[in-house]
Amino acid sequence: MTRATNKDLIWVGSSLKDLRGFPDDVKRAMGYALHVAQKGGKHPNAKPLKGFGGAGVLEVAEYHEGDAYRTVYTVTLGDTVYVLHAFEKKSKRGIATPKRDLDLIRQRLNEAHTIHDQRRASRGEQP
């Protein structure tokens with residue numbers, strides 16, 4: 001099933017500014033993955049982020065010249081993609097997402113819920 005329109009895309013916190021600091025190839029790859037999400041699909045590199053209960057929060061990983069870049073988003077709030085975090089993974093120990101980034105993602109997910117509720121209220125929709 002194809003959608004006639006894109007889902008809205010909302011950047012939470014500094015996620016847009018942070019993604020803009022990525023190398024051009026990484027920005028293009030992340031942009032395409034978010035475009036797929038806006039169309040209602042799931043990019044092959046998108047996977048559920050561990051610790052967030054299933055597929056509600058997705059992470060896209062891209063690699064460039066030995067560095068790892070991540071963009072985290074959720075599509076569970078209506079017809080909107082909320083980009084929660086974009087960061088370069090600095091840790092050289094394992095593949096796990098650092099705790100400080102997980103804490104920030106949780107905080108921004110709460111912000112996304114608040115933004116979503118405010119948008120619904122402004123349109124006169126019931127919670």
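The values are calculated or read from the model by the stated rules, or taken from the named source; none is laboratory data. This is a predicted model, so every value here is computed, not measured. With ideal geometry, Cβ positions are generated from the backbone for all residues, glycine too; neighbour counts draw on all protein chains shown. Note: areas computed on protein heavy atoms with side chains; ligands, DNA, RNA excluded. Shrake-Rupley method; radii C 1.70, N 1.55, O 1.52, S 1.80 Å.
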| message | What does the net charge come to around Pro23 if you take all other residues with beta carbon closer than 10 Å to its beta carbon, with K and R at +1 and D and E at -1? | response | -4
| request: Starting with the highest mean, order 58-66, 74-82 by the number of other Cβ atoms within 10 Å, averaged over the residues of each peptide. | output: 74-82, 58-66
| request: Past 23 Å, Cα to Cα, is the threshold; run Lys39/Lys90; Lys39/Lys99; Lys50/Lys90 against it and keep the listed order. | output: Lys39/Lys90; Lys39/Lys99
| query | Angle, helix 24-38 long axis vs. longest principal axis of the chain, Cα atoms, 0 to 90°, nearest 10? | reply | 30
| query | Most mobile of Arg108, Arg70, Arg100 per a Gaussian network model of the chain (Cα springs, under 10 Å)? | reply | Arg100
| field | Formal net charge of residues neighbouring Leu104 (Cβ-Cβ distance under 12 Å; K, R +1; D, E -1) | value | +1
| request: Measure nothing fancy, just the Cα-based angle from helix 99-122's long axis to the longest principal axis of the chain, in degrees from 0 to 90, nearest 10. | output: 20
| Peptides 29-38, 11-20: what's the order by average Cβ count within 10 Å, highest mean first? | 29-38, 11-20
| message | Per residue, how much accessible surface does the stretch 16-127 expose to a 1.4 Å probe? Answer in Å², no decimals. | response | 57
| the chain - percent of accessible surface contributed by carbon and sulfur, probe 1.4 Å | 51
| query | If you take the Cα atoms of the chain, find Rg, then find the Kirkwood Rh from the mean of 1/r over all pairs, what is Rg/Rh? | reply | 0.97
| note | Expected sort for 46-52, 117-123 on mean C-beta neighbours within 10 Å, highest first, is 46-52, 117-123
| request: Once you have the Cα-Cα distance between Asp24 and His113, take 0.36 nm times their residue separation minus that, and quote the gain in nm to one decimal. | output: 29.0 nm
